[in-house]
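Questions regarding the structure given below will be posed in turn.
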Amino acid sequence: MQNQRLRIALQKSGKLSEGCFELLNKCSFKLRSSKNHYLIQSKELNTSFYLIRDDDIPGFVDSDASDIGIVGENGYFEYILENPNHNLEVITKLGFAHCRLSIAVPEEGTIKSINDLHGKTIATSYPESLRDFLAKHNVEAKILVMHGSVELAPKIAIADAICDLVSTGATLKENALVELEVIFESEAVLIANKNVDTEIRSRIDELVFRLQSVIDARDSKYIMLHIDKAQISKLQEILPGCESPTVLHLHGNDEKVAVHVVCKEGIFWDTITKLKSIGASSILVLPIEKMMA
Ligand code: ATP
Ligand code: MG
């Protein structure tokens, strides 16, 4: 019986939402983003999706307005630092929305190390994470809270440094800033309220199983090739994450065999070159849609 709805909070639009929609749709949900749509009901696992701002997701889950949510680890850490008596837990990392929370300073400035931040002003949208980092490093600095456009602060001299999310570093470069210190690395995570009942918990487990199958398949490839029997152990050294290959007889050929294998790590051109160097031929690399453990 699935009477209660499983409630899932997602970012409505932004850097998390595209990855969330893509991942969930591969798990058989049919989610579409639309401008004025804040609630999506799905028959799949009897779920309700709440589409809200990412900042509101940890609070929604913590206060039992939602059972689970997808949020950046940075947003989760900021929330739990501010709310030490929270009811949240991280269920699993989701492998997208990779970025890092970093302190950055003007390229041509005098701040060259963490200690140079003493007595300075740092602009950020993540005051709790920054406060925690500064305390751990015994640095006393003033924190200026801004909810966006943080990179502007040093330019207009209201702060000496910033603490913000970085992915490629292009925005920092455009604003003549350079990374001084990475506070932590972040990616999207599935969070849950620790106190959900057993019915909801089993539906979360089913969802996590589906998510994990898609995540595991994402970097995995199914490889088929022909090779001399004698080279199979070398082949296993070359192929990353390759476990127990299937070896098949080739009609009319006693020296070569067909090998089928699942590789759990990325296959790059240099891997193919190495395979060819040990005599592999007829190499096929195929994507895998889902991988059930
Ligand atoms: P909202 O309107 O929902 O409050 P926002 O503008 O605060 O959105 P986004 O910029 O969409 O938030 O970022 C949401 C989350 O995506 C961040 O908290 C972080 O975890 C992740 N993120 C931010 N920047 C990047 C990036 N450049 N690449 C990948 N992930 C990122
Ligand atoms: Mg936000």
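The values are calculated or read from the model by the stated rules, or taken from the named source; none is laboratory data. The shown structure was predicted, so the numbers you read here are calculated from the model rather than taken from an experiment. Positions of Cβ are backbone-derived with ideal geometry, glycine not excepted, and every protein chain shown enters the neighbour counts. SASA here: full protein model, heavy atoms, side chains in, ligands and nucleic acids out. Shrake-Rupley method; radii C 1.70, N 1.55, O 1.52, S 1.80 Å.
Just want the answer: with Cβ charges of +1 for Lys and Arg and -1 for Asp and Glu, which residue in Gly72, Ile238, Ala176 is farthest toward the dipole's positive end in the chain?
Ile238
Still on this model: With a bin width of 10 angstrom, please list the P(r) values of the stretch 194-236 as percents of all Cα-Cα pairs, from the 0 bin to the one holding the largest distance.
Computed distribution, short to long bins: 21, 26, 20, 16, 12, 5.
Can I ask one more? Evaluate the charge dipole of the chain about its Cα centre and quote only its size in Debye, nearest 20, assuming +1 on the Cβ of each Lys and Arg and -1 on the Cβ of each Asp and Glu.
In total the dipole reaches around 880 debye.
With the cut-off at 1.5 for a/c, could you classify the chain from its C-alpha gyration tensor as rounded, prolate or oblate?
Oblate, because a/c is 1.5 or more while a/b does not exceed b/c.
Can you give me the long-range amide H partners of Thr47? Hydrogens built in the peptide plane at 1.01 Å from N, cutoff under 5 Å, separation of 5 or more residues or another chain.
It is Leu6, Ser42, by chain and number.
Using θ = phi - 60° and the Karplus curve 6.51 cos²θ - 1.76 cosθ + 1.60, what whole-Hz ³J(HN,Hα) does each residue of the stretch 209-224 get, with Gly and Pro shown as x?
In residue order, the calculated couplings are 4, 5, 4, 5, 4, 6, 5, 5, 6, 4, 9, 7, 9, 9, 10, 10 Hz.
Within the set of other residues whose C-beta is less than 10 Å from the C-beta of Lys93, count the net charge using Lys and Arg as +1 and Asp and Glu as -1.
My count for the surroundings of Lys93 gives -2.
How big is the accessible area of Cys27 in square angstrom, nearest 10, if you roll a 1.4 angstrom probe over the protein chains?
Approximately 0 Å² of Cys27 is accessible to the 1.4 Å probe.
Of the candidates Val178, Val139, Val247, which one comes out as most mobile in a Gaussian network treatment of the chain with C-alpha springs shorter than 10 Å?
Sorting by GNM fluctuation, first place goes to Val247.
Could you check the simple spin-label distance between Lys43 and Asp270, using points 7 Å along Cα→Cβ, in nm with one decimal?
A separation of 5.0 nm, rounded to one decimal place.
Using only alpha carbon pairs under 8 Å that are at least six residues apart, calculate the relative contact order of the stretch 91-221 and give it in whole percent.
40 percent
Sticking with this structure for a sec: Contact order normalised by length for the chain, with contacts defined as Cα pairs under 8 Å and 6 or more residues apart; what percent is it?
Worked out over the chain, it gives 19 percent.
Skip the ligands, DNA and RNA, and give the accessible area per residue of the stretch 220-287 with a 1.4 Å probe, whole Å².
Each residue of the stretch 220-287 exposes 62 Å² on average to a 1.4 Å probe.
Round to the nearest 10 and give me the degree value, 0 to 90, for the angle of helix 127-136's Cα axis relative to the longest principal axis of the chain.
The answer is roughly 90 degrees.
Additional query: Apply the Karplus curve 6.51 cos²θ - 1.76 cosθ + 1.60, θ = phi - 60°, to the phi angles in the stretch 26-31 and return the couplings in whole Hz, x for Gly and Pro.
Calculated HN-Hα couplings, in order: 6, 9, 6, 7, 10, 8 Hz.
If you put +1 on each Lys and Arg Cβ and -1 on each Asp and Glu Cβ, how big is the dipole of the stretch 99-186 around its Cα centre, in Debye rounded to 20?
For the stretch 99-186, the charge dipole is close to 120 debye.
Give me the 1.4 Å probe accessible area per residue for the stretch 99-186, excluding ligands and nucleic acids, in Å².
About 53 Å² of surface per residue is accessible.
In addition: Which one, Ile200, Ala157, Pro127, projects farthest toward the positive side of the charge dipole computed for the chain from Cβ point charges (K/R +1, D/E -1)?
Ile200
Any idea what the dipole of the stretch 1-58 comes to, in debye rounded to 20, about its Cα centre with Lys/Arg Cβ at +1 and Asp/Glu Cβ at -1? Display every interim value, and only then the final one.
On the way: 10 positive and 6 negative charges, 45 e Å.
The dipole of the stretch 1-58 has a size of about 220 debye.
So, one more: Beyond a 19 Å Cα-Cα separation, which of these cross-linked pairs lie in this structure: Lys15/Lys112; Lys194/Lys290; Lys256/Lys276; Lys221/Lys276; Lys15/Lys290?
Lys15/Lys112; Lys194/Lys290; Lys15/Lys290
When the Kirkwood hydrodynamic radius is evaluated over all pairs of different C-alpha atoms of the stretch 99-186, what value in angstrom, to one decimal, is obtained?
The Cα-based Kirkwood calculation yields 12.6 Å.
Largest first and in whole Å, what are the equivalent-ellipsoid semi-axes of the stretch 220-287 based on the Cα gyration tensor, each being the root of 5 times an eigenvalue?
Taking √(5λ) for each Cα gyration eigenvalue gives 18, 12, 11 Å.
Taking θ as phi - 60°, what are the ³J(HN,Hα) couplings along the stretch 92-106 by the Karplus curve (6.51, -1.76, 1.60), each to the nearest whole Hz, with x for Gly and Pro?
Rounded to whole hertz, the list is 7, 7, 10, x, 9, 6, 6, 7, 9, 8, 10, 8, 10, 9, x.
What is the spread of the Cα atoms of the stretch 229-268 along each of their three principal axes, largest first, in whole Å?
33, 18, 15
While we're on this one: If R0 is 22 Å, what FRET efficiency do you get for Asn138 and Glu82 from their C-beta distance, rounded to 0.05?
Working from the Cβ atoms, E equals 0.50.
Count the net charge of all other residues whose Cβ sits under 12 Å from the Cβ of Ile122, scoring Lys and Arg as +1 and Asp and Glu as -1. Write down the numbers at each step before the final one.
On the way: positive: Lys120, Arg131, Lys142; negative: Asp116, Glu140, Asp160, Asp164, Glu181.
Computed value for this residue: -2.
Another question, then. Evaluate the Kirkwood expression for the hydrodynamic radius of the stretch 170-293, namely the inverse of the mean inverse distance over all pairs of different C-alpha atoms, and round to one decimal in Å.
18.2 Å
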